[in-house]
1. Work out how much length residue 66 to residue 142 would gain on full extension: take 0.36 nm times their residue separation and subtract the Cα-Cα distance, in nm to one decimal.
2. Using a 1.4 Å probe and ignoring any ligands, DNA or RNA, find the accessible area of residue 126 and quote it in Å² to the nearest 10.
3. Tell me the per residue accessible area of the chain using a 1.4 Å probe; a whole number in Å² is fine.
4. Once phi is turned into θ = phi - 60°, what whole-Hz ³J(HN,Hα) does the Karplus curve with 6.51, -1.76 and 1.60 give for every residue of the range 266-283, x standing for Gly and Pro?
5. If I take R0 = 41 Å and measure r between the Cβ atoms of residue 272 and residue 321 in this structure, what FRET efficiency does the formula 1/(1 + (r/R0)^6) give, to the nearest 0.05?
6. What shape does the range 263-322 have by the C-alpha gyration tensor, where a ≥ b ≥ c are the square roots of the eigenvalues, rounded means a/c under 1.5, and otherwise prolate means a/b greater than b/c and oblate the rest?
7. To the nearest 0.05, what FRET efficiency results for residue 36 and residue 129 with a Förster distance of 51 Å applied to their C-beta separation?
8. Assuming R0 = 22 Å, what is the FRET efficiency of residue 24 and residue 109, from their Cβ-Cβ distance, to the nearest 0.05?
Amino acid sequence: MSQRALVTGAGGFIGSHLVSYLRQQGWWVCGVDQKRPEFADSDADEFIVGDLRDAEVARAACEGIDEIYALAADMGGMGFISRDPATILHNNALININTIRAAQLAGVSRYFLASSACIYPEHIQSTPDATALREVDAFPANPQDSYGWEKLMAELLCRYYREQHGMEIRIARYHNIYGPNGTYDGGREKAPAAMCRKVALAGENGSIEVWGDGSQTRSFCYVDDCVEGTYRLMRSDCRVPLNIGSDRLVTIDELARLVFDAASRDDLDIEHIEGPQGVRGRNSDNTLLRETLGWEPKIPLEKGLLETYQWISGKLTAASAS
Ligand code: NAD
């Protein structure tokens with residue numbers, strides 16, 4: 001009989017891709033989320049619609065499960081993260097406390113936590129020429145916002161469950177994951193999806209708005225690399241948190257221009273406006289990732305943005321036709 005995996009947040013962007021990937025690897029997969037995937041049917045064998053802030057929902061979802069991928073979180077791009085700090089900490093803490101407790105009671109053999117580059121201290125990310133973040137840089141802690149503090153707390157919760165209950169835990173710190181089937185409007189979308197939407201909707205010789213002066217930097221990792229890295233990490237012996245991200249640093253203006261290229265639009269301009277920017281510069285140091293997994297993300301940003309742009313512009317075209 002195939003092994004049984006539970007993916008929490010299976011109705012979300014990375015979770016829905018992970019469900020499909022695990023099915024391809026031969027796993028029986030249950031998904032749990034408060035909503036079903038927005039853009040395509042879930043590939044999960046079973047899908048529970050439920051709120052993991054309720055401990056009973058978490059307990060029922062973990063029953064009979066061998067491995068858990070904990071991805072559920074109340075989250076969004078910079079606009080969302082900076083707007084509702086108390087709600088984010090409250091909701092995500094409840095989700096993670098309930099899920100790991102249920103996993104321990106169910107006796108699962110392995111537990112994965114989706115953490116974030118947002119756990120890294122704000123004061124070492126204050127310039128655009130960002131020094132790539134190593135896993136050891138997490139402490140002394142000073143995450144930028146409540147989302148980052150909660151992720152760090154969830155990492156510690158995992159560590160203490162390992163120490164006290166002997167659980168096998170794997171933790172990835174994702175760095176800006178993007179790709180098709182992600183939110184692209186409504187306020188929770190991240191920069192690559194927002195830019196693809198703006199470019200797709202821009203009139204001839206128009207411009208797209210970019211928050212800040214555009215010289216803030218990030219690295220972006222395509223979702224297929226993210227799920228492959230997640231699975232490789234889960235199968236590895238690595239018991240410490242590991243970055244999963246690209247180490248190619250680009251400015252937000254460069255990202256916008258790459259989206260112009262993906263859309264074959266040389267008529268567009270960038271307009272800088274006031275808006276939340278997050279840290280000034282952030283990159284992933286992949287030294288430990290390479291040493292531990294013998295692998296790192298490989299899909300070029302140009303290729304990933306082309307896939308993402310085509311998917312988002314296709315969605316917008318279909319919506320305007322209906
Ligand atoms: P997402 O918002 O698309 O998916 C999260 C899912 O969790 C959503 O479908 C949401 O409905 C679900 N959820 C929220 N509250 C819930 C609740 N109370 N009960 C049940 N389900 C609930 O986000 P994503 O981009 O797929 O991110 C997945 C995970 O990876 C999250 O933990 C996120 O913090 C982490 N992460 C993502 C990125 C990124 O760039 N996308 C970067 C760092 C970390």
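1. Stretched out fully, the residue 66 to residue 142 stretch lengthens by 23.9 nm.
2. Here the residue's solvent-accessible area equals roughly 80 Å².
3. Per-residue accessible area for the chain comes out at 43 Å².
4. For the range 266-283, the Karplus-derived couplings read 9, 9, 9, 10, 10, 10, 8, 10, 5, x, x, 10, x, 5, 6, x, 8, 9 Hz, x marking Gly and Pro.
5. My answer for the efficiency is 0.80.
6. Oblate, because a/c is 1.5 or more while a/b does not exceed b/c.
7. 0.75
8. According to the calculation, E is roughly 0.60.
The values are calculated or read from the model by the stated rules, or taken from the named source; none is laboratory data. Every value quoted in this text rests on a predicted model; they were computed, and no experiment measured them. Heads up, the Cβs are rebuilt from the backbone with ideal geometry, glycines too, and the neighbour counts pull from every protein chain shown. Accessible surface is based on the protein model in full, side chains and every heavy atom, while ligands, DNA and RNA are left aside. Shrake-Rupley method; radii C 1.70, N 1.55, O 1.52, S 1.80 Å.
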